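Nothing in this text is a laboratory measurement; each read-out follows from the coordinates by a stated rule. Just so it is clear, the model here is predicted, and its values are computed rather than measured. Please note: Cβ atoms are built from the backbone with ideal geometry, for glycine as well, and neighbour counts cover all protein chains shown.
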Amino acid sequence: MMTAEEYLESLRRLRRKVYLFGERLADPVDHPFLRPSLRAVAATYALAHEPEHAAVMTATSHLSGRRVNRFTHIHRSADDLVTKSKMGRMLGAHTGCCFQRCVGMDALNALFIVTHDMDRQGGTDYHRRFLRYLEMVQERDLVCDGAMTDPKGDRSLPPHRQPDPDLYLRVVEERADGIVVRGAKVHQTGALSSHELIVMPTVALRDEDKDYAVAFAVPADAEGIVYVVGRQSSDTRRLESGTLDRGNVTFGGHEALVVFEDVLVPRERVFMLRETAHVGQLVSCFAAYHRQSYACKVGVGDVLIGAAQTIAEYNGTERASHVRDKIVEMNHLNETLYCGCIACASEGRPTASGTWLVDTLLANVHKQNVTRLPYEIARLAQDIAGGLMVTMPSERDLRSPEVGRYVEKYLRGREGVPTEHRMRVLRLIENLTLGSAAVGYLTESMHGAGSPQAQRIMIAREVDMAQKTRAARRLCGIDEG
Ligand code: SF4
Ligand code: FE
């Protein structure tokens with residue numbers, strides 16, 4: 001397993017084409033805009049080497065028998081799945097942001113299941129290819145970015161009827177040595193933190209769309225890949241001097257638009273080609289795993305609750321009964337989220353491939369809760385924090401020889417608490433509820449791993465309504481023969 005430093009060094013070796021604010025970055029790894037993101041992923045390496053986190057952060061590979069980072073592991077039991085949820089919460093609390101590495105783990109596990117099933121039904125060779133790839137990922141301890149979301153253009157049209165056929169990623173040429181693909185993946189979490197991109201289709205497809213039914217892996221610096229880094233609210237605070245106004249002084253996340261401009265994928269790295277019948281399974285499998293992964297938001301919720309309690313103490317309001325009750329409510333909501341990600345994991349079952357899959361109904365219920373409860377937790381945190389969170393002067397004003405003493409004097413809370421501490425925790429709440437971390441904690445909670453309606457469709461599909469109506473009718477004496 002790599003150390004955090006080795007991880008950063010390995011990214012420096014990649015020759016990627018990265019754009020930010022319209023300019024190509026010579027050195028994305030050490031750019032201050034991306035540094036907080038890379039630190040968050042580096043934490044997934046660092047903690048794997050710490051004895052007190054090793055049980056959660058590592059697992060024994062069923063391929064090699066060696067100790068591997070859990071983010072490269074294939075779940076072999078319900079215990080593995082439960083530990084995955086616990087790891088997500090722990091890392092969410094450690095970083096206070098999106099640590100980006102779950103999408104790759106979820107793609108590896110989904111592809112393990114689906115390549116196995118395709119080969120069994122169609123006599124293809126995908127699973128063998130995939131296993132060799134997985135061995136390499138585990139051996140080299142790589143970060144894979146699971147890339148699913150296509151731009152999608154006009155949502156009322158299938159891929160082949162889009163006026164621009166590239167709005168879903170597709171195969172444009174098949175050659176003896178591989179395939180050539182064109183298209184893009186949008187809002188790609190952790191794109192610049194990754195060594196590899198694992199690409200999958202985003203919706204179930206019909207035969208007319210078979211050129212879009214493609215899954216593969218490419219190195220992050222493959223020829224033809226272009227990254228355009230996305231903005232986040234308050235993102236340029238990372239470029240300012242000082243750390244206070246960032247809220248989270250160490251960690252952050254990022255997303256990017258990833259363009260595939262006629263990228264050659266060697267055949268050994270193609271894990272699905274024109275298998276339209278299996279796309280739906282791959283999408284729903286990945287989605288179920290990734291909906292479970294939103295255990296991360298429980299950990300970020302832990303940080304936000306801790307910040308709300310801290311500002312209540314600094315303001316001198318922590319004993320007020322309504323504040324205490326709001327903290328209880330925040331905890332109730334956050335632990336409700338935890339119930340969902342633990343439940344779908346512990347109710348997981350083995351698939352024919354030997355890989356354990358979460359209970360897909362419960363994973364969808366969990367993610368549906370995630371689309372709502374963090375908003376309420378954030379609302380309560382803002383209620384407790386007070387308006388200063390959004391009107392406070394900057395760190396530079398605090399340090400200013402002219403006005404610093406006014407900021408120091410008039411922004412003071414409880415006696416004995418430095419004004420700077422009060423400002424720091426207010427900035428953290430700002431960061432989590434409307435700053436750059438709110439991208440992950442709120443809007444990504446809404447739309448990441450599928451928007452709310454996607455989960456409702458799955459809930460409707462998976463719930464056993466016949467069993468419920470039978471139970472009701474039996475108990476009120478309706479005899480339907
Ligand atoms: Fe992982 Fe959460 Fe980030 Fe998704 S949002 S990659 S589940 S940390
Ligand atoms: Fe996500």
(message) Based on the alpha carbons, how large is the Rg to Rh ratio for the stretch 206-356 when Rh follows Kirkwood?
(response) 1.10
(message) As I understand it, the dipole of the chain uses +1 on the Cβ of Lys and Arg and -1 on the Cβ of Asp and Glu, about the Cα centre. Which of Gly301, Val143, Leu157 lies farthest toward its positive end?
(response) Gly301
(request) Kindly provide the Kirkwood hydrodynamic radius of the stretch 210-294 in Å, to one decimal, from all pairs of distinct alpha carbon atoms. (result) 16.5 Å
(message) Viscosity 1.002 mPa s, temperature 20 °C: give me the Stokes-Einstein translational D for the stretch 43-98 in µm²/s, with Rh taken as the Kirkwood radius over C-alpha pairs.
(response) 187 µm²/s
(request) Within the stretch 292-337, report the trypsin sites (Lys or Arg not before Pro) that DSSP leaves as loop and that have at most 14 other Cβ atoms within 10 Å. (result) Arg319
(message) Tell me the mean residue ellipticity at 222 nm calculated for the chain from its helices only (DSSP H runs of n ≥ 4, each -39500 (n - 2.57), averaged over every residue, nearest 500).
(response) -15000 deg cm²/dmol
(request) Please report Rg over Rh for the chain, where both radii come from the alpha carbon positions and Rh follows the Kirkwood definition. (result) 1.00
(request) Just add up the charged neighbours of Thr60: K/R +1, D/E -1, any other residue whose Cβ is under 11 Å from the Cβ of Thr60. (result) +3
(request) Throw me the Rg/Rh for the stretch 153-283, computed over C-alpha atoms with Kirkwood Rh, two decimals. (result) 1.07
(request) Please work out, to two decimal places, the log10 of the ratio I(q)/I(0) at q = 0.08, 0.10, 0.14, 0.19 Å⁻¹ from a Debye calculation in which every Cα of the stretch 1-160 carries one identical scatterer. (result) -0.29, -0.45, -0.84, -1.26
(request) Take the alpha carbon atoms of the stretch 57-134, find their radius of gyration, then divide it by 2.2 N^0.38 Å using N residues; give the quotient. (result) 1.22
(message) Can you tell me the convex hull volume per residue for the stretch 286-413, based on C-alpha atoms, in Å³ to the nearest whole number?
(response) 121 Å³
(request) Choose one of Ser321, Gly448, Gly416: the residue whose Cα lies farthest towards the positive end of the charge dipole of the stretch 291-468 (beta-carbon charges +1 Lys, Arg; -1 Asp, Glu; about the Cα centre). (result) Gly448
(request) With a point put 7 Å past each Cα toward its Cβ, work out how far Ala176 is from Glu335 in nm, to one decimal. (result) 6.6 nm
(request) When you have a sec, figure out the Kirkwood radius of the stretch 389-430 from all distinct Cα pair distances and drop it here in Å to one decimal? (result) 10.4 Å
(message) Taking every alpha carbon pair in the stretch 361-405, what does the distance histogram look like in 10 angstrom bins from 0, in percent?
(response) 23, 25, 22, 17, 9, 4
(message) Give me the count of lysine pairs in the chain whose alpha carbons sit under 21 angstrom apart, restricted to pairs 8 or more positions apart or on different chains.
(response) 10
